[in-house]
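What follows draws every value from the coordinates through simple rules; no lab data is involved. Not measured: the values here are computed from a predicted model. Here Cβ is always computed from backbone atoms with ideal geometry, including for glycine, and neighbour counts include all displayed protein chains.
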């Protein structure tokens with residue numbers, strides 16, 4: 001069985017690439033263009049909305065739904081907890097290094113692996129939600 005948490009970004013990337021490649025097929029490109037004209041054409045023709053205003057409306061709509069997707073797919077409590085733990089860990093690690101306590105540094109390096117795995121989980125969660133909503137990893141708020 002496929003673990004969607006781990007494979008989600010890869011699946012989204014493959015899907016996005018397939019969609020992009022499908023536009024190289026003329027009849028698909030024409031069909032999508034015709035469908036978009038049916039949906040968006042009346043705004044431009046009937047209401048006289050300039051093309052650049054239509055682009056602004058579409059980009060605003062994209063921003064709205066991508067924010068909603070991010071809001072409901074990211075566990076912000078987990079992200080904040082992980083960031084707080086990382087700050088405490090970095091402070092402890094820095095103190096151990098400055099004091100020259102090799103035993104404590106080695107112990108903290110063992111803990112560092114677990115902390116890095118937590119950070120990786122959060123990063124992949126953020127990345128997958130960005131990939132799903134936009135087809136690529138875009139810069140955004142990471143809570144810092």
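Select from the range 13-49 the residues that are part of a loop (DSSP other than H, G, I, E, B) and on the phi < 0 side of the Ramachandran plot and list them in ascending order. Please lay out each step first, then the result.
Step one: list which residues in the range 13-49 are part of a loop (DSSP other than H, G, I, E, B), which gives 23-25, 46-49.
Result: 23, 24, 25, 46, 47, 49.
Any residue in the range 43-62 that is out of contact with any strand residue (DSSP E or B) (no Cβ under 8 Å at 6 or more places or on another chain) and closer than 30 Å to residue 110 by Cβ?
Quick first cut of the range 43-62, residues out of contact with any strand residue (DSSP E or B) (no Cβ under 8 Å at 6 or more places or on another chain) only: 43-62.
Filter once more, keeping what is closer than 30 Å to residue 110 by Cβ: none.
So far as the range 43-62 goes, no, none of its residues is out of contact with any strand residue (DSSP E or B) (no Cβ under 8 Å at 6 or more places or on another chain) and closer than 30 Å to residue 110 by Cβ.
Looking across the range 63-79, the residues that are surrounded by 12 or more Cβ atoms within 10 Å (Cβ to Cβ) and either within 16 Å of residue 122 (Cα to Cα) or touching a helix residue (DSSP H, G or I) at 6+ places or on another chain (Cβ under 8 Å) (or both) come down to 66, 69, 70, 73, 74, 75, 78, 79.
Taking each residue of the range 52-73 that is more than 22 Å from residue 41 (Cα to Cα) and looking for partners that are surrounded by 12 or more Cβ atoms within 10 Å (Cβ to Cβ) with beta-carbon atoms closer than 6 Å, six or more apart or interchain, yields 66/133; 69/133; 70/129; 73/129.
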